[in-house]
Amino acid sequence: MRKGEFSKIRHQLGKTQTQMAQLLGTSVKAVQSFEQGWRRIPAHVERQTLFLLAHQLPRNKKHGRCWVALECQADTKKDCPAWEFKVGHLCWFINGTICQGEVQPTWQKKMRICRKCEVFHSMFPVLYD
Ligand code: SF4
């Protein structure tokens, strides 16, 4: 997660540091460390933080189905978990999606692709203000 994003999302969600810690199942001290940049934000915290944000922001209907937005072909869709579970608006959340033609081995590698993707941008415009 990029520097400053965690704090930006917390403010967007309208949560105090204490409330955010409760939502994430962590300590207030950990939340403060994430915001100050003293501690790297773990993947599970990044995922959960984005998940909460995704359910607060209005959703772009077209990008509710990533395979439509990206015009995925039938043979790609059949192997992609976003299509299998019909969660195109949460494609960024799920590991194992087939974006840019292949499954990424780690969350970090997947996120690098997602953060340049129009679906991700449409889900989280607040991160690009
Ligand atoms: S690159 Fe990421 S945001 Fe874009 S369609 Fe794939 S999983 Fe979704």
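No value in this document is a laboratory result; all are computed from the given coordinates. Computed from a prediction, not measured in an experiment: that's the story for all the values here. All Cβ positions, even for glycine, are placed from backbone atoms using ideal geometry, and neighbour counts span all protein chains on display.
Cross-linked pairs LYS78/LYS116; LYS8/LYS116; LYS3/LYS78; LYS3/LYS86; LYS8/LYS109; LYS3/LYS110: Cα-Cα separations exceed 29 Å for LYS3/LYS78; LYS3/LYS86. Would you please state which residues of segment 76-95 a label at GLU102 would reach in this model, taking the label point 7 Å out along Cα→Cβ and a backbone N cut-off of under 13 Å? Under 13 Å, as judged by backbone N against the label point of GLU102, lies no residue of segment 76-95.
Kirkwood radius and radius of gyration were both taken over the C-alpha atoms of segment 62-128, and their ratio Rg/Rh is 0.93. The Cα atoms of segment 5-54 give a gyration tensor whose axes a ≥ b ≥ c have a/c under 1.5, which makes the shape rounded. Counted by neighbouring Cβ atoms within 10 Å, the residues TRP83, TRP92 run from fewest to most as TRP83, TRP92.
May I ask for the Kirkwood hydrodynamic radius of the chain, worked out over all distinct Cα pairs and given in angstroms to one decimal?
Values: mean 1/r = 0.0649 Å⁻¹.
The answer is 15.4 Å.
Note on SER33/GLN73: beta-carbon distance plugged into 1/(1 + (r/R0)^6) with R0 of 30 Å gives a FRET efficiency of 0.10.
Scalar couplings 3J(HN,Hα) for segment 112-128, obtained by applying the Karplus form with A = 6.51, B = -1.76, C = 1.60 to θ = phi - 60°, are 4, 6, 4, 5, 9, 8, 5, 5, 5, 4, 6, 6, 10, x, 4, 6, 10 Hz; x denotes Gly and Pro.
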